[in-house]
Each structure stands twice: as C-alpha cells, then as structure tokens.
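The numbers here are math on the coordinates, done by the rules we state, and not lab data. Computed from a predicted structure; not experimentally measured. FYI the Cβ positions are ideal-geometry reconstructions off the backbone, even for glycines, and counts take in every protein chain you see.
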Amino acid sequence: MVNVVRTNSENQDFKQLVKQLDAYLKVTDGDEHDFYNQFNNIDVLKHTIVAYINNIPVGCGAFKKYDDSTVEVKRMYTNPEFRNLGIAAQILSELENWAKELNFNTTILETGKRQIEAVHFYKKNNYQIIPNFGQYANMDNSMCFKKILSNEKR
C-alpha cells in the first residue's frame with residue numbers, strides 16, 4: 001500500500017530522494033546537467049509529495065507557482081526498485097489535486113527527451129506537448145508539457 005504525504009522541501013526523505021534523482025539526471029543529461037541543475041533548487045519548493053511503502057520513501061514530486069493560474073511540476077522521481085507500480089501516477093495526481101485546491105487550473109513541466117520513460121509517463125497522464133517555455137526555450141534536449149486541470153474534486 002502506497003502512502004502519499006504532502007510536505008515541503010525541508011522533509012529529509014524528500015531531500016534524499018532528490019539526491020537520487022540528481023545522480024540519475026547527471027548521467028542522462030551529460031554535459032547539459034549543470035544548465036538544468038541551476039533551475040532545480042529545492043529550497044524554493046513549498047509543495048512537495050513523498051510516497052512511502054511500508055514507511056520507506058520510494059518516490060517524490062513537487063510543484064511551484066509559475067503564474068497566477070499555473071504551477072510547474074518539479075522533481076518527479078520514483079526509486080527504480082519501485083517503478084511500474086503506479087507510484088508516480090499517484091504522486092502526480094496528488095500534486096494536481098493540491099494545485100486545484102489552491103485554485104490553480106494548469107500544470108506545466110519540462111523533462112528531457114532522453115528521459116524516455118518520463119515522456120511516455122506524461123503523455124499517458126494526459127499531458128500535451130507545448131513549445132518549450134522560459135529557460136528551456138532554446139534547449140534541444142527539453143520537452144515541455146501542459147495539462148489543464150479539471151474542476152473535479154475541488
């Protein structure tokens with residue numbers, strides 16, 4: 001049974017999962033890692049999720065305000081040993097619900113083209129590819145996505 005907990009970036013389990021994510025991204029992003037890493041400072045994240053199985057932290061995600069109606073999903077990660085169990089979908093759903101509760105109606109995000117599993121995951125969860133936004137506009141490896149949140153469960 002997966003237990004999904006809302007927290008913030010001070011959470012030690014969240015910090016540990018982000019370290020695992022950064023180690024993974026350092027390999028997949030290669031020479032571009034330092035560019036992307038500068039936009040992933042977690043101390044600005046006030047809305048984070050940690051997923052637990054048997055009290056073991058197995059996945060995380062977060063969002064930050066992008067504008068008055070939009071949040072940017074950040075730091076999505078599931079420990080490889082616990083992938084393909086629906087954990088990431090639960091984390092993403094909880095982030096979306098939390099954003100709706102705070103009266104945001106759109107989520108956006110960026111992932112790398114090399115993160116093939118992530119690209120597939122976001123498409124599967126009804127995210128639409130959009131032109132690269134902000135700091136990602138001229139990055140060939142970046143793919144940006146958007147999802148309009150429904151008013152259900154508000």
5 angstrom amide H check on Ile130, placed H, neighbours 5+ away: Cys144, Phe145, Lys146
Virtual spin-label span in nm between Asn84 and Gln12, 7 Å along Cα→Cβ: 3.3
Calculated FRET efficiency for the pair Asn132/Val4, C-beta based, R₀ 35 Å, to 0.05: 0.75
Bins of 10 Å, starting at 0 and running to the largest distance - Cα pair percent for the stretch 2-148: 11, 45, 39, 5, 0
Neighbour-limited loop hits for GluC sites (Glu not before Pro), the stretch 48-154 (at most 16 other Cβ within 10 Å; DSSP other than H, G, I, E, B): Glu152
Whole-number percent relative contact order across the stretch 72-154, with pairs defined as alpha carbons under 8 Å at least 6 apart: 33
Spin-label zone in the stretch 54-74 - amide nitrogen under 17 Å from a point set 7 Å from the Cα of Asn103 along the C-beta vector: 65-71
Ascending count of other beta-carbon atoms within 10 Å, so fewest first, for Val71, Val2, Val18, Val44: Val44, Val2, Val18, Val71
Helix-only mean residue ellipticity at 222 nm for the chain, each DSSP H run of n ≥ 4 adding -39500 (n - 2.57), per residue, nearest 500: -9500 deg cm²/dmol
³J(HN,Hα), Karplus 6.51/-1.76/1.60, whole Hz, each residue of the stretch 51-56, x for Gly, Pro: 9, 10, 10, 6, 6, 9
Separation in nanometres of the label points that stand 7 Å from Cα toward Cβ, at Asn125 and Lys113: 2.3
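Under the definition of Cα pairs under 8 Å and six or more residues apart, what whole-number percent is the relative contact order of the chain?
Relative contact order for the chain comes out at 20 percent.
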